[in-house]
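Notes for the one structure printed next.
The values are calculated or read from the model by the stated rules, or taken from the named source; none is laboratory data. Since we're looking at a predicted model, the values are computed, not measured. Using ideal geometry, Cβ is built from the backbone for each residue, glycine included, and neighbour counts are taken over all protein chains shown.
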Amino acid sequence: MPIILRSKIFNAKPRPRGPISDPTAFGSPVVAIVGRPNVGKSTLFNCLTRSRDALVANEPGLTRDRQYGIGRVGQAPYFVVDTGGLTDDSADLPRLMVAQALSALSEADVTLFMVDARQGVTPLDQAIADRLRLFGTTVVLVANKVDGLDARTATAEFHTLGLGEPWPVAAAHGRGIQALITGILTADLLANRFPTESTQAISPALDRHSRHGQPDGPSNEQSAEEDNPSSPIQSPNIRVAIIGRPNVGKSTLVNRLLGEERVVVHDRPGTTRDSIEVPLTRSGKHYTLIDTAGIRRRSRISEKIEKFSIIQSLRAIDAADVAIVLVDALEGITDQDAHLIGLVCDMGRALVLGMNKWDAIAQDSHKRIHEMLERKLQFLDFLPIHTLSACHGTGVSKLFRSVDAAWASASRTLATPVLTTILQEAVAKHPPPLVRGRRIKLRYAHQGGRRPPTIVIHGNQTEDTPMAYRKYLVRVFREAMQLVGTPIRIEFKTGENPYKGRKNTLTPRQVRKRARLLRHVKN
């Protein structure tokens, strides 16, 4: 069987480094990790980046897309690229994985060629080594899984690959990693490729490890009293997670937005496994796209790998500022789609709905589908809905208008006087109901947080406010403040009663008076 590595794609000249997802645009060294499947590339990636971004399991071919992360030597950062295993399988999916690995090689300053010290040199290792020598990058041979072995004996046969002295490491235990990275990333390379003044440049785009799960700008607990309450918070980088069921076109949409084949696209469901982050700049605004694995119903999930992929997808939603929920227009809104939309709302993330594959819908069915959307999503009247075709690009350009609007709404600062006025007008129009014969009193409101907008209402007996009246207040605040694409949370706080829990103790005079009165009461 012919080896893919000998194909034209491997012998092609390295492509020019582009401006879209190019880590070298920040001037930092790029270290690519390549090798055959299941030699420990993702484990080494997690070790170098001090993260768990790459899925790790004892299953060949687990990694499919190239995954970027950031490591550091002292204070100097460098990029690490994890790649899928290079194989001799000529099927479509392995071929696409090889293409992703070769793209990483074209970006790399140093290539870590990883081999398995326990299995020794294989014919596939030899084929990879032969081609790496012709590719024109600095190649460092890394012999993994030397734990429990004599390193010198275990790595001796790898000299036949002709790539110099192998570096013995045990990535699963972190042994030999520090010596490896400080040995290959010399001080000269770091100084020449990463000037001091560019250190801040990479942080907004890819260094999410310093802000995982933390939004840019003021925190959710920050006071809402600002000089300009109507202006949105300006963010240098909006994190956009693209989520949905398997095979609805999430990776195709990412590639369409980037203008390159950044992630593997295949008609086989479950192609994407890792959550892949890619920086994107559109109209001078900076975004980080997060391509996620498809999320199926829990009852249909049987493989451990798929469970791990879904956990990563949920983490991506939690770390995102805006979620694009992609739906297959041919199938309509399924129960799982509605569940995912509800999940995003429960997590407090701004969201936009994309109806993909719209080009495959007959013209006379458009009205029926729009009516179906209004019926099934009537509880989400604030949700922007876009029809698009990720494959052909129609409607894609308008998607980010709603992303920007949802982000701006979620980040708005709402002034206390404005919120209190809206509350008083809402109460005057529809007073709260009676509870045990007493009227609920809502006195004033203020903002309790952003992303999502949180409004705190103070009054008496607020804990008894019915759910229907809470929804009424949410609708009033949303319409008055023109908040689109973001859920709104309302919290109620009841004023403290100073006499609550105190026993009314009668004086001796009051006791005697009470006794006299009781004698005149008829039994």
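Taking the residues in segment 410-431 that are small (G, A, S) and surrounded by fewer than 23 Cβ atoms within 10 Å (Cβ to Cβ) as candidates, determine which candidate is nearest to A468 (Cα to Cα).
A426
When you scan segment 455-477, do you find a residue that is of a type in the set (G, A, S) and not assigned by TED's automatic domain parsing to the domain that holds R239, even just one?
Within segment 455-477, one or more residues are of a type in the set (G, A, S) and not assigned by TED's automatic domain parsing to the domain that holds R239.
Go through segment 324-343 and give me each residue that's part of a helix (DSSP H, G or I), under 26 Å from R239 (Cβ atoms) and without any contact (Cβ under 8 Å) to a residue 60 or more places away in the chain.
Here is the first cut: in segment 324-343, the ones part of a helix (DSSP H, G or I) are 335-343.
This time we only want the ones that are under 26 Å from R239 (Cβ atoms), so: 336-343.
Passing the criteria: A338, H339, I341, G342, L343.
Would segment 182-194 turn up any residue that is assigned to a loop (DSSP other than H, G, I, E, B) and modelled with pLDDT of 80 or more?
no
Looking for whichever is more than 30 Å from A320 (Cα to Cα), touching a strand residue (DSSP E or B) at 6+ places or on another chain (Cβ under 7 Å) and not assigned by TED's automatic domain parsing to the domain that holds M347 here; the options are L442, L517. Which one fits?
Working: L517 fails: touching a strand residue (DSSP E or B) at 6+ places or on another chain (Cβ under 7 Å).
Unique residue meeting the criteria: L442.
Of the residues T111, T122, T153, which single one is surrounded by fewer than 21 Cβ atoms within 10 Å (Cβ to Cβ), among the polar types (S, T, N, Q) and in contact (Cβ under 8 Å) with a residue 24 or more places away in the chain? Working first, answer last.
Numbers: T111 fails: surrounded by fewer than 21 Cβ atoms within 10 Å (Cβ to Cβ); T153 fails: in contact (Cβ under 8 Å) with a residue 24 or more places away in the chain.
On inspection, the qualifying residue turns out to be T122.
Residues that are surrounded by fewer than 17 Cβ atoms within 10 Å (Cβ to Cβ) and not basic (K, R): does segment 445-459 have at least one? So that I can check it myself, show each step before the final result.
First pass over segment 445-459, keeping only residues surrounded by fewer than 17 Cβ atoms within 10 Å (Cβ to Cβ): none.
The answer is no; no qualifying residue exists.
Could you list, in sequence order, all residues of segment 356-387 that are in a loop (DSSP other than H, G, I, E, B), without any contact (Cβ under 8 Å) to a residue 40 or more places away in the chain and surrounded by 13 or more Cβ atoms within 10 Å (Cβ to Cβ)?
I361
What helices (runs of 4 or more DSSP H) lie completely within segment 412-523 and have 1 or more residues being closer than 24 Å to F379 by Cβ and either modelled with pLDDT of 85 or more or under 36 Å from the mean Cα position of the chain (by Cα) (or both)?
Because the criterion is at least 1 residues that are closer than 24 Å to F379 by Cβ and either modelled with pLDDT of 85 or more or under 36 Å from the mean Cα position of the chain (by Cα) (or both), the helices (runs of 4 or more DSSP H) in segment 412-523 that meet it are 416-429, 467-481.
This table checks each residue for (1) surrounded by 12 or more Cβ atoms within 10 Å (Cβ to Cβ); (2) out of contact with any strand residue (DSSP E or B) (no Cβ under 8 Å at 6 or more places or on another chain); (3) among the acidic types (D, E); (4) more than 21 Å from A428 (Cα to Cα).
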{"site": "T465", "(1), (2), (3), (4)": "yes, no, no, no"}
{"site": "R470", "(1), (2), (3), (4)": "yes, no, no, no"}
{"site": "V474", "(1), (2), (3), (4)": "yes, no, no, no"}
{"site": "M481", "(1), (2), (3), (4)": "yes, yes, no, no"}
{"site": "V484", "(1), (2), (3), (4)": "yes, yes, no, yes"}
{"site": "F492", "(1), (2), (3), (4)": "yes, no, no, no"}
{"site": "G501", "(1), (2), (3), (4)": "no, yes, no, yes"}
{"site": "N504", "(1), (2), (3), (4)": "no, yes, no, yes"}
{"site": "T507", "(1), (2), (3), (4)": "no, yes, no, yes"}
